[in-house]
Amino acid sequence: MIDSLLPEGVALVRADADVAQDSPHPVELERADAMGPKRRCEFLLGRACARRALARFGVENFALLPDADRAPIWPAGFVGSITHIAGFCAAAVARSEDFTGIGIDAAAAAPLGARIVERISSERERALLDALPDADPAHWGMLLFSAKESLYKGYFPNTRTYLGFRDAEIEIDPETASFRAHLCRESAPSVSGLRDFRGRFHVDRDHIVTALAIAAAGANPGR
């Protein structure tokens, strides 16, 4: 089901047993040597997913290293995003001529504490959560959190501007499994002239996955 989260023109690869057997790039392996066991495993598995996604565009054997902000340095002409939590890892990649930003995030399908929900959301967002069908604000709060993470991953590489959790508001539409993200901090730069972004989500027994793609100005993705 996660294949439907992003539009045509975006390559999305989720880790499985086959991906886990991929040999890491030597440069990535050298970088991972200084990491703890858990972080090392996540780093290399995420890069394996990214390498497979890039291969769909003909990019082979690229070492995907992090910059000073820990954001992946994608090859020229590409944008992407990586997410990993226990039991789930995936990467999404697209050509920058089609999309200026990609964000994907996974979270545990578990309630988020009321205090955390209050800290990451506006009063308006909490009212929207309360109005959702069969709403449990703590449970919907995890989806809200993940959607904001996806927005940030697609937004930051474009602007190098940090977003606080209350700098953008999320509206969730459970009927279409989609969400709208709106930049509400006036000083936050727009991306491709946009301050509103659309994303999708998928929820199963174990995970919540959110994703969005920001189309490049004048682009015709999937052509």
* Structure fact -> Most exposed to least, judged by fewest other Cβ atoms within 10 Å, Ile170, Ile2, Ile208 sort to Ile2, Ile208, Ile170
* Mean Cβ count within 10 Å, highest first, over the residues of peptides 139-145, 191-197, 31-37, 98-104 -> 98-104, 139-145, 191-197, 31-37
* Give a quick list of GluC sites (Glu not before Pro) in the stretch 94-159 that DSSP marks as loop, anything other than H, G, I, E or B, with at most 16 other Cβ atoms within 10 Å. => Glu97
* **Size of charge dipole - the chain - debye, nearest 20, with Cβ of Lys, Arg +1 and Asp, Glu -1, no other charges** => 460 debye
* Report the convex hull volume per residue for the stretch 63-147, counting only C-alpha atoms, in Å³. => 141 Å³
* To do: Could you let me know the centre-to-centre spacing of the stretch 86-122 and the stretch 161-199, using Cα atoms, in angstrom?
  => 13 Å
* Name the trypsin sites (Lys or Arg not before Pro) in the stretch 70-132 that are in a loop by DSSP and that have at most 11 other C-beta atoms within 10 Å, would you? -> Arg70
* **FRET efficiency estimate (nearest 0.05) - Cβ-Cβ, Thr159 to Glu123, R0 22 angstrom** => 0.25
* **Neighbourhood charge, 14 Å Cβ-Cβ cut-off, centred on Ala11 and excluding it, Lys, Arg +1 and Asp, Glu -1** => +1
* **Net charge of Cβ neighbours under 13 Å - reference Ala32; Lys, Arg +1; Asp, Glu -1** => +1
* Asked: With each run of n ≥ 4 DSSP H residues scored as -39500 (n - 2.57), what mean residue ellipticity at 222 nm is computed for the chain after dividing by its residue count and rounding to the nearest 500 deg cm²/dmol?
  -> -9500 deg cm²/dmol
* Asked: Picking from Ala109, Val19, Pro75, whose Cα lies most toward the positive end of the charge dipole for the chain (charges on Cβ: Lys, Arg +1; Asp, Glu -1)?
  -> Pro75
* Asked: Are there GluC sites (Glu not before Pro) in the stretch 1-80 that DSSP marks as loop and that have at most 12 other Cβ atoms within 10 Å, and which are they?
  -> Glu8, Glu60
* Taking N as the number of residues in the chain, what is its Cα Rg relative to 2.2 N^0.38 Å? -> 1.00
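A short reminder: the numbers here are calculations on the coordinates, not readings from a lab. Given the structure is predicted, the values throughout are model-derived calculations rather than measurements. Note that each Cβ is placed from the backbone with ideal geometry, even for glycine, and that neighbours are counted across all protein chains shown.
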